[in-house]
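Below is one structure, written out as structure tokens; the observations come after it.
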Amino acid sequence: MDHDAIFPQLEALHHDAFGWAVSCCAGDWHRAEDVLQTAYTKALRGAVRFAGRSTFKTWWFGVIRLTAFEEGRRARRWLAFLDRWRTEPETQDAAAPALDDLELVALATALRALSERQREVLHLTFYQRLSLSEAADVMQVGVGSARQHYERGKKRLREMLQTQRAVHE
């Protein structure tokens, strides 16, 4: 089904789809908004396709349910990681204090100085918690290219922050 045919159907089902997303997210409206947006992205990118084996509404609600399940699984994995991290003090870096305002300004300045690709891959991997292969897909580059931008970006960021720290000391 092409984009011109899918838009009106998605628009007509939006209200019901949001209600279903809220239901799939156990009443969490904010999570439901994220799930629905991800489902729309999947549909419009062509990652999921309506094959006509059921009604459009049935298919669309299935996509939303599976997206909610995927998002919930990702959130549970992240929370499990955080729980392990909190309960295993030997894995924490005791030498890493909280950032003060000057350090945050230095970090923001250093990030702006990176190339666009380096900044993108670091944002996707650290802030959005995507793997390098997922980040490569988002950036529409090869995994090797994403890995190279990731390593170069980390190295350059580290160098710039060390220079900033030496200036302030």
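Structure data summary
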item: Residues (surrounded by fewer than 15 Cβ atoms within 10 Å (Cβ to Cβ) and modelled with pLDDT under 90) located in segment 139-157; result: GLN140
item: Condition broken by VAL63, with the remaining ones in (1) under 27 Å from ASP137 (Cα atoms); (2) touching a residue at least 40 places away in the same chain (Cβ under 8 Å) satisfied; result: (2)
item: Residues of segment 87-128 that turn out to be surrounded by 10 or more Cβ atoms within 10 Å (Cβ to Cβ), more than 23 Å from MET139 (Cα to Cα) and modelled with pLDDT of 70 or more, as a count; result: 5
item: Output for segment 2-29, where each listed residue is under 22 Å from the mean Cα position of the chain (by Cα), surrounded by fewer than 17 Cβ atoms within 10 Å (Cβ to Cβ) and hydrophobic (A, V, I, L, M, F, W, C); result: PHE18, ALA26, TRP29
item: Pair list, Cβ under 6 Å, 6 or more apart: segment 104-129 residue on the phi < 0 side of the Ramachandran plot, other residue of a type in the set (S, T, N, Q) and modelled with pLDDT under 80; result: ALA106/GLN164
item: Where a residue in segment 39-52 is in contact (Cβ under 8 Å) with a residue 12 or more places away in the chain and its partner, wherever it lies, is open to solvent by less than 60 Å² (accessible area, probe 1.4 Å) and part of a loop (DSSP other than H, G, I, E, B), with Cβ under 7 Å and at least six apart; result: LYS42/VAL48
item: Filter result (surrounded by fewer than 19 Cβ atoms within 10 Å (Cβ to Cβ), in a helix (DSSP H, G or I) and either over 18 Å from the mean Cα position of the chain (by Cα) or of a type in the set (Val, Ile, Thr) (or both)) within segment 30-54; result: THR38, THR41
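The values are calculated or read from the model by the stated rules, or taken from the named source; none is laboratory data. In this text the structure is predicted, and so the values were computed from the model without any measurement. Neighbour counts are summed over all protein chains in view; Cβ atoms, including those assigned to glycine, are modelled from backbone coordinates with ideal geometry. Please note that ligands, DNA and RNA were not included when accessible areas were found on the heavy atoms of the full protein model with its side chains. Shrake-Rupley method; radii C 1.70, N 1.55, O 1.52, S 1.80 Å.
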